[in-house]
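Asks: Pasting a structure below so you can have a look.
The numbers here are math on the coordinates, done by the rules we state, and not lab data. All of these numbers come straight from a predicted model, not from anything done at the bench. Here the Cβ is made from the backbone with ideal geometry for all residues, glycine too, and neighbour counts use every protein chain on show.
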Amino acid sequence: SPPAHTLTIQQAVDRAYTRYKAVSDGANASYIPYLAKADTKLYGIAVVTTNGKIFKAGDADYLFPVESIAKVFTLAHVLKAQGTDVIQKKIGVNATGLPFNSALAVELNNDKLTGSPPPGNPLVNAGAIATASLVEGHSPEAKWESVLSTASAFAGRQLALNKDVYTSEMADNQHNLAIAILLQSYNYLYADPTETIDLYTRECSYNVSAQDLAVMGATLASGGTNPVTHKKVTDATTSARVLAVMATAGLYNTSGEWLYNVGLPAKSGVGGGIVAVVPGKMAIAVYSSALDTAGNSVRGQLAIQSVAHDLKVSIFQIN
Ligand code: GLN
């Protein structure tokens, strides 16, 4: 194969696809029955540039539940509506260093040990639940419609709820409800806990493809204008703040290792999706359902790292 510096985007995508096609490490999320039965063989990569070009390999059009990656777009929604200070004061923007669903992180922050507000940051469950509780709307249905419509604008097409995953997750959601009530006890939940968990679980349950994630990420990469539809979805300030939180907390407790090795803001979900953003240039997204112990797609991380290295797009690297 040609030396890495001469690789085109399509060559980098194809190379990453081939390199990790045989990897079978990791395991599906087991705590959500719907996700436990995903086909671990499915594997797709998509890159979308800020000038709207699309490059893909494998199962890049396969639809799967967005899960935690939705947190990025709900954050963008609330941040744009309510401003940067609201997120910093009511949610927090520091990494927790703890697993994504940690209730301990809520306790540690509240204990004034860390100086951060109890929800932690908008990309872990507690912070995303608090963020969902800030969504404005005259009814639960209106709030859900507004969250889904923002996500759809990022994707450039109408996204839809996967009712099976929503039902599967709602049937076994005690831990997230407990986090919501814990936040409420500290006055850091801004709506009814049951309604908030319903909205939060819905947002985790819309389907996306790797290509959708790459378009959504490329919208952030281009300062808030969707490079495929050319519609303005959000503004450059909102995009920059969202990317900053992705850099510090997008891969949960392994966010530091990710930033060290890859040098890109990113977000993963337990559905097996992961998207990384190269500001001003592109987004790289992968679907592969088997996860590491932190909850991040194993092949997703490998493939994005490969594409990023081949294209030399770390935000810290002067080429
Ligand atoms: N819906 C999942 C949960 O709340 C999302 C978690 C994730 O993707 N990390 O547990």
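Asks: 7 Å from Cα along Cα→Cβ at both Lys232 and Asp61: what's the point-to-point distance in nm?
Replies: 3.3 nm
Asks: Would you kindly state how much longer the chain becomes between Asp85 and Glu195 on full extension, computed as 0.36 nm times their sequence separation minus their alpha carbon distance, in nm to one decimal?
Replies: Between Asp85 and Glu195, full extension yields an extra 37.1 nm.
Asks: Using only helices, what value at 222 nm comes out for the chain when you add -39,500 (n - 2.57) per DSSP H run of length 4 or more and divide by the total residues, to the nearest 500 deg cm²/dmol?
Replies: Calculated mean residue ellipticity at 222 nm is -13000 deg cm²/dmol.
Asks: What list do you get for Met170, Met282 if you sort them by fewest beta carbons within 10 Å?
Replies: Least to most surrounded, the residues fall as Met170, Met282.
Asks: I've got another one for you. Keeping to pairs on different chains or 8 or more places apart, tell me how many lysine pairs in the stretch 59-176 have Cα atoms under 16 Å apart.
Replies: Here the count comes out as 8.
Asks: Show me the ranking of peptides 101-110, 31-40 by mean Cβ neighbours inside 10 Å, starting with the highest.
Replies: Details: 101-110: 19.3, 31-40: 16.1.
Taking the mean over residues of other Cβ atoms within 10 Å, the ranking is 101-110, 31-40.
Asks: At 7 Å along Cα-to-Cβ for each site, give me the label-to-label distance between Glu145 and Asp172 in nm.
Replies: So the label points at Glu145 and Asp172 sit 3.3 nm apart.
Asks: Please compute the contact order of the stretch 207-287 in relative form: average sequence separation of alpha-carbon pairs under 8 Å and at least six residues apart, divided by the residue count, as a percent.
Replies: Value for the stretch 207-287: 34 percent.
Asks: Next question. How far, in nm, would the chain grow between Asp164 and Lys41 when pulled straight, counting 0.36 nm per residue and subtracting the alpha carbon separation?
Replies: Gain on stretching Asp164 to Lys41: 42.2 nm.
Asks: Oh, and also: Report the net charge of residues surrounding Glu67, where surrounding means a beta-carbon distance below 14 angstrom and charges are Lys +1, Arg +1, Asp -1, Glu -1.
Replies: Local net charge: -1.
Asks: Could you give the length gained on full extension between Asn261 and Asn51, defined as 0.36 nm per residue of separation minus the Cα-Cα distance, in nm?
Replies: Working: separation 210, 0.36 × 210 = 75.60 nm, distance 2.66 nm.
Length gained between Asn261 and Asn51: 72.9 nm.
Asks: Between the DSSP loop rule and a limit of at most 14 other Cβ atoms within 10 Å, which chymotrypsin sites (Phe, Trp or Tyr not before Pro) in the stretch 240-319 are left?
Replies: Values: sites: Tyr252, Trp258, Tyr260, Tyr287, Phe316; in loops: Phe316.
Taking the stretch 240-319 and a limit of 14 other Cβ atoms within 10 Å, the loop chymotrypsin sites (Phe, Trp or Tyr not before Pro) found are Phe316.
Asks: Can I ask one more? Kindly state, to the nearest 0.05, the FRET efficiency for Asn94 paired with Lys21, given R0 = 45 Å and r defined as their beta-carbon distance.
Replies: 0.75
Asks: Another question, if that's okay. Over the alpha-carbon set of the chain, work out the extent along each principal axis and list the three values in angstrom, largest first.
Replies: Taking max minus min along each principal axis of the Cα atoms, the chain gives 59, 39, 39 Å.
Asks: GluC sites (Glu not before Pro) within the stretch 127-182: which are DSSP loop residues with at most 13 other Cβ atoms inside 10 Å?
Replies: For GluC sites (Glu not before Pro) across the stretch 127-182 that sit outside H, G, I, E and B with at most 13 neighbouring Cβ atoms in 10 Å, the list reads Glu136.
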